[in-house]
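Pasting a structure below so you can have a look.
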Amino acid sequence: MGDREAISQAMSTCRRVLSAFADSILPPSAEKLPYGKEFLDAGAEKYLNRLRYFIRQYCKSESREDRLNRTLADLNKRFSAGTHDDVTAEEARVLFVILYVTL
């Protein structure tokens with residue numbers, strides 16, 4: 001149970017879902033996005049930046065904004081690692097549920 005290749009594919013799919021979600025709420029752009037005193041790249045591969053920007057625009061609570069950004073970054077990190085490292089089937093299920101609830 002828990003074929004490594006299947007789990008790796010599931011983690012890749014979760015990362016693509018996160019990217020597609022970002023594309024649907026804020027499509028990629030060559031223009032940089034203002035984020036406090038810095039500017040974020042908003043290209044196709046920078047979907048976490050676009051999500052950070054979107055959250056900043058619509059989240060009125062700074063602590064909630066921080067939690068959401070941390071959660072998305074941590075999920076993305078684990079999805080990326082899951083395509084190369086061992087992720088158990090149970091962890092993959094939990095990561096999927098967290099992604100679903102977060103989105």
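The values are calculated or read from the model by the stated rules, or taken from the named source; none is laboratory data. Computed from a predicted model, the values in this text were never measured in an experiment. Backbone-built Cβ (ideal geometry, glycine too); neighbour counts: all protein chains shown. When the accessible area is computed, the model is the full protein with side chains, heavy atoms only, and any ligands, DNA or RNA have been set aside. Shrake-Rupley method; radii C 1.70, N 1.55, O 1.52, S 1.80 Å.
When the Karplus curve 6.51 cos²θ - 1.76 cosθ + 1.60 is applied with θ = phi - 60°, which whole-Hz ³J(HN,Hα) does each residue of the stretch 45-53 get, with x for Gly and Pro?
Those phi angles translate into 7, 9, 5, 5, 4, 5, 5, 4, 4 Hz.
From the residues Gly36, Ala89, Ala20, which one has its Cα farthest along the dipole of the chain in the positive direction, the dipole being from +1 and -1 charges on Cβ of Lys/Arg and Asp/Glu about the Cα centre?
Going by the Cα projections, it comes out as Gly36.
May I pose another question? Can you work out ³J(HN,Hα) from phi for every residue in the stretch 10-20, in order, using Karplus 6.51 cos²θ - 1.76 cosθ + 1.60 and θ = phi - 60°, giving whole Hz and x for Gly and Pro?
So the Karplus estimates, Gly and Pro as x, are 5, 5, 5, 5, 4, 5, 5, 4, 4, 5, 5 Hz.
Next question, about the same structure. Alpha carbon centre of the stretch 11-29 versus the stretch 58-103: separation in Å?
The stretch 11-29 and the stretch 58-103 have Cα centres separated by 13 Å.
Moving to a separate point now. Take every Cα pair under 8 Å in the stretch 7-93 that's 6+ residues apart, average their separations, divide by the length, and report that relative contact order as a whole percent.
39 percent
Let me ask something else. For the pair Gln9 and Glu31, how long in nm is the line joining their label points, each one 7 Å along Cα→Cβ?
It is 4.0 nm.
Applying the Karplus parametrisation 6.51 cos²θ - 1.76 cosθ + 1.60 with θ = phi - 60° to the phi angles of the stretch 54-67, what ³J(HN,Hα) value in whole Hz is obtained for each residue in order, glycine and proline being reported as x?
4, 4, 4, 5, 10, 9, 7, 9, 5, 5, 5, 4, 4, 4
Let me ask another. At 1.4 Å probe radius, can you tell me the per residue accessible area of the stretch 1-59 in Å²?
Details: 3810 Å² over 59 residues.
Roughly 65 Å² per residue, with all protein chains present.
Treating the beta-carbon of each Lys and Arg as +1 and of each Asp and Glu as -1, no other charges, what is the dipole magnitude of the stretch 1-57 about its Cα centre, to the nearest 20 debye?
Values: 9 positive and 7 negative charges, 46 e Å.
That gives a dipole near 220 debye.
How many lysine pairs does the chain hold where the Cα atoms are under 21 Å apart and the two sit 8 or more places apart or on different chains? Don't skip to the answer; put the middle values down first.
Values: Lys32/Lys46; Lys37/Lys46; Lys37/Lys60; Lys46/Lys77.
Summing the qualifying lysine pairs gives 4.
Within the stretch 2-103, what whole-number % of the accessible surface is contributed by carbon and sulfur, with the 1.4 Å probe and all protein chains included in the calculation?
On the way: 3570 of 6590 Å².
Ligands and nucleic acids excluded, carbon and sulfur reach 54 percent.
Let me ask another. Mind listing the long-range amide H neighbours of Leu40? Cut-off is under 5 Å, sequence gap 5 or more, other chains count too, H placed in the peptide plane at 1.01 Å from N.
HN-HN under 5 Å from Leu40: Leu33, Tyr35.
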